[in-house]
1. Which of the numbered conditions does B:Ala60 fail, given that it passes all the others? Conditions: (1) more than 16 Å from the chain's Cα centre (by Cα); (2) surrounded by fewer than 22 Cβ atoms within 10 Å (Cβ to Cβ).
2. So which helices (runs of 4 or more DSSP H) stay within region B:290-383 end to end and still have 1 or more residues that are without any contact (Cβ under 8 Å) to a residue 12 or more places away in the chain and over 23 Å from A:Cys35 (Cβ atoms)?
3. So how many residues does region B:178-230 have that are closer than 27 Å to B:Asp23 by Cβ and in a loop (DSSP other than H, G, I, E, B)?
4. Scan region A:95-106 for residues that are in contact with a helix residue (DSSP H, G or I) (Cβ under 6 Å, 6 or more places away or on another chain) and outside any loop (DSSP other than H, G, I, E, B) and report the count.
5. Out of B:Val268, B:Val279, report the one residue that is open to solvent by less than 40 Å² (accessible area, probe 1.4 Å), in contact (Cβ under 8 Å) with a residue 60 or more places away in the chain and outside the structural domain of B:Ala67 (by TED's automatic domain parsing).
6. Among the residues of region A:17-64, which ones are within 9 Å of chain B (Cβ to nearest Cβ), open to solvent by less than 70 Å² (accessible area, probe 1.4 Å) and either polar (S, T, N, Q) or touching a Ser or Thr at 6+ places or on another chain (Cβ under 6 Å) (or both)?
7. Which residue out of B:Glu232, B:Glu236 is charged (D, E, K, R) and free of Cβ contacts under 8 Å to residues at least 24 places away in the same chain?
8. Considering each of B:Glu232, B:Glu223 in turn, give the residue that is at pLDDT below 95 and either in the same structural domain as B:Leu121 (by TED's automatic domain parsing) or in contact with an Asp or Glu (Cβ under 7 Å, 6 or more places away or on another chain) (or both).
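The values are calculated or read from the model by the stated rules, or taken from the named source; none is laboratory data. Worth saying up front: this structure is predicted, and the values here are computed from it rather than measured. Cβ placement follows ideal geometry from the backbone for every residue including glycine, while neighbour counts extend to all protein chains displayed. The area values use the complete protein model at the heavy-atom level, side chains included, leaving out ligands, DNA and RNA. Shrake-Rupley method; radii C 1.70, N 1.55, O 1.52, S 1.80 Å.
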Amino acid sequence: MDLYREEILDHYKHPRNFGHLSGANITSEEMNPSCGDRVMIEIAVSDQEIADIRFSGQGCAINQASASMLTEKVKGMKISDIMKLTLYDVEKLLGTTLTPSRVKCALLPLEAIQKAVYGQ
Amino acid sequence: MNVRADFPQLTRFINGKPIVYLDSTATSLKPRSVIDKINEYYTQYTANVFRGIYTTSEEATSEYEKAREKVATFIHATPHEIVFTRSTTESLNLLAYSLHPKEVVASILEHHSNFVPWQQLSYLTVWDPEKPIDSVMTNKTDIFAITAVSNVTGIIMPIKDIVRTVKGINPKCLIVVDAAQAVPHMPVDVADWGADFVAFSSHKMLGPTGVGVLWGRRQLLEEMKPFNYGGEMISEVHVDRTVFKEPPHKFEAGTPHIAGVIGLGAAVDYLTKLGMDNVRKHEEELVSYAIKKFKEVRGLRFVGPDIRSGVFAFTMEKVHPHDIAQILNEDNIFVRAGNHCAMPLHEHLGIVATARASFYVYTTKEDIDALILGLQKIQKLFS
């Protein structure tokens, strides 16, 4: 049960950076209607860097853990570097490779973050 | 009912473990006799139907038409009212395109296949079965589309009563029944239902994929325009005009899925031998056993009534259906997760997605025990 190891379940049960950000200057939302996964991102950007970030929404363990881990990773990152992140990086964070049916779950938070910061 | 030995796939081991197949509502497993019959066509009398003078073509045609007779007998109809299509979906699209209804009422329970064609090609009003039919139907309603069994809640709809009510409001309204989840699981008598059209699929009733059935009243089929034009469905073609064949062949343009139809005939033989009353009884036993066992899983809730067909869509507290399906898969327990092609129903119920376990003739109480054990494991993992 590689996919549901302790670390992922821990991020699912105790998500980091979950909630709202009062100083946010950009937000975005992504959703997968077929399974109901939904991620909202609130970001405070300064000097082309992510100063702070929060996420909210609901989804499966893979989706929520991915959001939690990603928000930790991107804090302090340059926007130009964030735009370079791919499925490969998400899989590295999750510590596993994903079957095709679960890729969308794991990528939804990254898509929301990239959409938010794109063009900033 | 002890038929597991008839289903080759049930002998398969994945990662050293047997499989627990609980997704028969999506598609059923196939018995050896069906696979052999398909093989027989491909090894003994591969030929096109309706055109050869030679032996194998006549054999293929005869087997193809014999399958039509078997399907007709199975649902208490006559063979010339049985049209072979590609799927239930195609059967329903055939109706939507050929009948061109202006106003359609469909229930909120419908699978997308008995919903989207009407929504896209007509003016669609939705019926909530908890409300009276005359709250949505008018004397202008052309078609009333209704499922016989929900693929989510498992509810068995009282088709005969619904037909009577609908015809009472508007005798001209045509009633289209999606029987994809009914014909495989219980005795169905289309004459007794009194509807105008009934659609179902081969692959959910032990037959091969790629074959659907449309039953329609003879007179209506005669009046309707063809859905596809081309070979096989014509009797004369001239430069300026074409004379079509009589139904059902008028609706079967092109070389059909000959092996598939013949395979469906074998599936009907298999189910007839089991007896559809026994099939239903077996599922009733599994349903009451499952309802009892579900109580042993904390936080589990299934949607729909206790009296139902053998399908349960359910949710678990704190666990997303995708996670349920994925973790069960680790133990080769195969269930589906999502909205099961019934998104309007899920929205109506206020649920984003469910996990779904479904049963058929080869399902055993041990399969349900394995499911419960798996769910308890998940419950522990996520609590």
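1. Checking B:Ala60 against (1) more than 16 Å from the chain's Cα centre (by Cα); (2) surrounded by fewer than 22 Cβ atoms within 10 Å (Cβ to Cβ), the one that fails is (2).
2. Numbers: elements: B:321-330, B:343-349, B:365-382.
Answer list for region B:290-383: B:365-382.
3. Total meeting the criteria: 20.
4. Of region A:95-106, the ones in contact with a helix residue (DSSP H, G or I) (Cβ under 6 Å, 6 or more places away or on another chain) are A:97-98, A:102, A:105-106.
Those still in the list that are outside any loop (DSSP other than H, G, I, E, B) too: A:102, A:105-106.
Final tally of qualifying residues: 3.
5. On the way: B:Val268 fails: outside the structural domain of B:Ala67 (by TED's automatic domain parsing).
Step by step, each of B:Val268, B:Val279 is checked, and only B:Val279 is open to solvent by less than 40 Å² (accessible area, probe 1.4 Å), in contact (Cβ under 8 Å) with a residue 60 or more places away in the chain and outside the structural domain of B:Ala67 (by TED's automatic domain parsing).
6. Hits for region A:17-64 are A:Ser34, A:Asn63, A:Gln64.
7. On the way: B:Glu232 fails: free of Cβ contacts under 8 Å to residues at least 24 places away in the same chain.
Sole residue among the options that is charged (D, E, K, R) and free of Cβ contacts under 8 Å to residues at least 24 places away in the same chain: B:Glu236.
8. Details: B:Glu223 fails: at pLDDT below 95.
Only one candidate qualifies: B:Glu232.
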